[in-house]
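Below: one structure, written as C-alpha cells.
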Amino acid sequence: MTRPPAGSGGARRVRCRCGRTVLRQLVGRRAALDVTADADELTAAAAAELREPNRLDWCVRQRKSGPDLAWVDRRNHPAGCPRPHVIDHKCTAPPAAASRPRRTRTTSVPEGQLTLG
Ligand SMILES: [Zn+2]
Ligand SMILES: [Zn+2]
C-alpha cells in the first residue's frame, strides 16, 4: 500500500453514511472546496443537466493515483468534453448527531485517589 503524499490531489473513494460510494476531494488551489460527489460517472452533458446552483459537476481526469476532480469553469471547460463527469452527492441519510441524546460524561475521581502513590 503506497499512499500518495498529502496535497498531491486526487479523489478518495469513500462510503457515505447513506451507503453510496462517493468521491471526496479538496478541489481548488486558492480556496479549496471539500467536494463530495457521486462516484457514478456521467457524460459531461448528463452532468450539466443535473447541475443546480448549489450542486456542481466535476470533470474527472484519470491519473495514475486515481480519479482527480477538476472544477468545471465554463470559460475554460470545453463544451464537448470527452472526460467523464460526476455530480455533487446529494445525501439521503438523516443528519447525524441531531437526535442523539446528550449525555454529560463526568469523570469523577475521588479526590483522595489523586494523592495516592
Ligand atoms: Zn470535462
Ligand atoms: Zn450520502
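Need one number: nm distance between label points at residue 63 and residue 34, each 7 Å from Cα along Cα→Cβ, rounded to one decimal.
For the pair residue 63/residue 34, the computed spacing is 2.1 nm.
Using only the alpha-carbon atoms, what does region 12-94 span along each of its principal axes? Please give whole angstrom values in decreasing order.
Taking the Cα atoms of region 12-94, the three principal extents are 36, 28, 24 Å.
Relative to the Cα centre, what is the charge dipole magnitude of region 12-94, using +1 at the beta carbon of each Lys and Arg, -1 at the beta carbon of each Asp and Glu, and rounding to the nearest 20 debye?
380 debye
Arrange the following residues from fewest to most other Cβ atoms within 10 Å of their Cβ: 41, 52.
So the residues, fewest neighbours to most, are 52, 41.
Quick note: the coordinates plus some simple rules give every number you see, no bench work behind them. Here the structure is a predicted model, which means the values were calculated and not measured. Positions of Cβ are backbone-derived with ideal geometry, glycine not excepted, and every protein chain shown enters the neighbour counts.
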